[in-house]
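Nothing in this text is a laboratory measurement; each read-out follows from the coordinates by a stated rule. All of these numbers come straight from a predicted model, not from anything done at the bench. Ideal geometry is used to build each Cβ from the backbone, glycine not excepted, and the neighbour counts take in all protein chains shown.
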Amino acid sequence: MYKYDEYDQQMVDTRVAEFRDQVRRRLAGDLTEDQFKPLRLQNGLYLQLHAYMLRVAVPYGTLNSAQMTLLGDIADKYDRGYGHFTTRQNIQYNWIKLEDTPDILAELAKVEMHAIQTSGNCIRNISSDQYAGAAADEIVDPRPYAELLRQWSSFHPEFLVLPRKFKIAVIASETDRAAMRLHDIGIKMVKNDAGEIGARFYAGGGMGRTPMIAPLIREFVPLDQLITFSEACLRVYNRYGRRDNKYKARIKILVHELGRDEYVRQVEEEFAHLLTQPIEPPLAELERIKAHFVDPGFDANASDDLDLTDPDFRLWVERNTHAHKQAGYVIATVSLKPVGGIPGDATADQIRLMAKLAKDYSFDELRVTHAQNIVFPHVRKADLYTVWQALDEAGLSTANLDTVGDIIACPGLDYCSLANARSIPVAQKISERFGSAQRQAEIGELKLKISGCINACGHHHAGHIGILGVDKKGLENYQLLFGGSEGADTSLAKIIGPGFTEDGVVDAIEKATEVYLANKQGEERFLDTYRRIGMDPFKEAIYG
Amino acid sequence: MVDVQFRFRDDETVNDPAVTVDSFSEQSNATAVRIEPGDDARDLLPYLDRLSLVEVSFPAWTDGRGYSSARILREAGYRGEMRAVGDLVIDMLHHLRRCGFDAFAPEKALNEEDAQSAFDRWENVYQATVVDGRPAIWAKRHPA
């Protein structure tokens with residue numbers, strides 16, 4: 001994975017010094033909270049319901065074990081012994097003291113980590129495929145391009161106060177595991193007819209109040225124009241994105257209001273101009289970055305055999321592992337969704353254990369997924385049982401990847417000052433209702449996503465089943481949506497009818513799974529059956 | 001008019017009255033213009049030769065359109081004074097400099113010492129903006 005050179009280290013260290021100075025001025029009263037807020041947000045520091053929340057960036061979701069270990073130590077030292085992995089592949093701490101944050105950032109900098117631009121109206125941490133570099137179906141590792149964009153977008157002087165936040169995802173597989181087209185810019189690395197690698201750009205996607213699937217804006221951007229084209233997309237947005245209403249300020253509204261063709265015309269015009277400006281890094285820079293992402297030293301003779309006699313292990317292997325490009329290896333996902341647990345939470349001890357296992361059995365690498373789980377990207381099949389046993393002892397062996405128990409949920413009203421309803425207790429009740437592994441296996445793939453308000457941080461628009469918490473005359477109420485998807489077949493979920501109480505929504509989901517099981521044909525997933533038979537049979541069962 | 005607190009030019013401060021972008025093209029003797037956030041800086045491109053002062057207004061520092069306006073004019077070859085006016089905060093001074101501003105007239109005077117350390121804080125930069133003449137980190141990594 002990427003290693004900082006002296007320049008990268010200096011940039012992060014300088015940011016720590018700058019932030020320390022900002023906190024000093026705030027505590028001395030030289031900065032009012034109003035003035036300080038946009039500055040602290042650019043460093044991922046939010047003021048939530050009970051305390052400050054610090055969001056630490058995990059660029060394109062990739063971590064080494066030293067970094068992961070430190071994340072555990074920070075949870076112990078500065079928080080309440082746990083951390084929360086987020087839908088943008090980052091980690092958040094919910095109980096942080098303002099005066100501690102410069103020291104936390106200084107500790108992070110020592111392991112090449114930071115909280116730069118994890119919030120605020122700027123280009124956020126760039127997300128990617130959690131299986132990058134390991135998946136059998138990728139045409140190239142997307143992370144070097146994400147790293148090139150990370151450096152370009154860090155402290156970009158023109159784009160630090162955009163109309164609104166800006167999220168970029170880069171993928172390079174046919175299977176989209178990063179919800180790429182639900183980003184402000186989605187980039188898919190592709191090969192053209194001449195066999196050259198380039199970038200396909202989508203722009204104007206997003207969730208939030210007005211979910212949109214990003215339209216294609218350019219089929220192929222050559223690698224030696226990647227930064228210049230990105231800059232053109234951003235400049236048009238910075239100049240013309242709406243600033244009169246924060247709910248209409250995302251690029252998706254600009255693209256929608258201008259129309260895709262007009263946005264493309266403006267970007268191409270700006271691009272033609274910017275190509276005359278020497279702003280593009282040389283390809284040698286991309287090559288330098290790529291050298292950090294070469295395959296680890298796989299054992300070419302690693303055995304493909306796997307002893308599956310232990311039934312619990314077998315279930316976990318079937319559910320939580322994925323084919324690796326290298327024979328004899330698998331990609332293993334650690335579910336942070338135990339029955340009755342808080343989605344995405346891990347204790348300091350669990351974080352350090354995963355770090356140790358990655359060091360010993362996954363070439364020192366881990367990934368954070370947008371579904372709030374942790375991945376060991378490169379595990380030898382021969383080591384898998386050992387890894388599983390260690391996870392099992394630590395309560396980390398839940399075999400529910402992509403099932404109804406693998407719920408994405410935002411922090412909701414338990415933590416967030418924007419939320420209208422709680423998300424976590426609903427997730428806990430659902431995972432308890434569907435707690436048996438056998439039942440989850442029977443229902444199979446069912447992506448369930450919960451947001452505690454219309455800002456949609458829990459991605460409810462993209463859930464096979466989505467739940468949206470709203471405030472109804474002072475009471476928490478939950479609306480149910482069906483049919484969303486974030487994959488290559490991206491679709492937005494539709495609301496099925498009147499909302500429910502917390503218990504009512506759990507009952508409704510149970511009825512929906514019964515309708516699915518009664519109507520399922522062959523290998524159909526819940527989503528496939530829903531798409532085939534439509535909403536009516538579900539409505540009938542739920543409201544009838 | 002607010003005072004210029006920081007200036008990075010050797011020539012004399014321009015004090016010509018600035019006119020709006022809308023009226024600039026009609027006033028053949030005007031040499032100073034004021035760009036508001038909603039104005040299109042490219043409307044000025046035919047007149048760069050007679051401009052000696054461009055004021056870019058920041059009614060709120062969190063409105064970032066002025067950064068693009070400044071950079072666009074510098075990319076087009078404007079060499080005169082580019083003055084940021086309005087709600088300027090210490091922490092953005094460095095970035096304003098990088099987009100081509102070389103004079104700063106904050107509506108409330110900034111702490112001199114804090115501002116100076118903000119201007120000087122970043123020894124290296126990740127991007128080439130062309131307009132500030134600083135080599136990007138990638139250029140230092142790959143000297144020609």
Partner lysines for residue A:325 [C-alpha distance under 23 Å; skip if fewer than 8 residues away on the same chain]: A:188, A:191, A:290, A:359, A:381
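From Cα pairs below 8 angstrom and at least 6 apart in sequence, can you work out the relative contact order of segment A:408-543, rounded to a whole percent?
Working: 262 pairs, mean separation 25.5, N = 136.
Value for segment A:408-543: 19 percent.
Once every DSSP H run of n ≥ 4 in chain A is given -39500 (n - 2.57) and the sum is divided by its residues, what mean residue ellipticity at 222 nm do you get, rounded to the nearest 500 deg cm²/dmol? Numbers along the way, then the final one.
On the way: 17 runs with 200 residues, N = 544.
Only helices count here, giving -11500 deg cm²/dmol.
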Between segment A:235-260 and segment A:152-226, the alpha-carbon center distance in angstrom: 16 Å
Computed P(r) (all Cα pairs; segment A:408-543; 5 Å bins; percent): 2, 11, 21, 24, 21, 13, 5, 2, 0
Förster radius 25 Å - calculated FRET efficiency between residue B:121 and residue A:66, Cβ distance, rounded to 0.05: 0.35
Environment charge at residue A:303 (Cβ cut-off 13 Å; Lys +1, Arg +1, Asp -1, Glu -1): -3
Within chain B, helix-based [θ] at 222 nm, where runs of 4 or more DSSP H residues each add -39,500 (n - 2.57), nearest 500: -6000 deg cm²/dmol
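Nearest 0.05, what FRET efficiency do residue A:475 and residue A:535 give at R0 = 35 Å with Cβ-Cβ as r? Walk me through the numbers before you get to the answer.
On the way: r = 26 Å, r/R0 = 0.73.
Taking R0 as 35 Å, the efficiency between residue A:475 and residue A:535 is 0.85.
Which FRET efficiency, nearest 0.05, do residue A:308 and residue A:272 yield, Cβ-Cβ r, R0 56 Å? Write out the running numbers ahead of the final one.
Details: r = 58 Å, r/R0 = 1.04.
E between residue A:308 and residue A:272, to the nearest 0.05, is 0.45.
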Inter-label distance, nm, simple model (7 Å from Cα along the C-beta direction), residue B:20/residue B:111: 3.8 nm
Cα-centre dipole for the protein assembly as shown with unit charges at Cβ (Lys and Arg positive, Asp and Glu negative), debye to 20: 1060 debye
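State, as an integer percentage, the relative contact order of chain A based on alpha-carbon contacts under 8 Å between residues 6 or more apart. Intermediate values should be presented prior to the final figure.
Working: 1177 pairs, mean separation 69.8, N = 544.
In percent, rounded to a whole number, it is 13.
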For A:159-169, mean number of other protein chain Cβ atoms within 10 Å: 3
Max mean-square fluctuation residue, GNM over chain B, Cα-Cα springs under 10 Å, options B:114, B:102, B:40: B:114
Simple label model, 7 Å out from Cα along Cβ direction - residue A:97 to residue A:260, nm: 5.3 nm
Degrees between helix B:65-75 axis and first principal axis of chain B (Cα, 0 to 90, nearest 10): 90 degrees
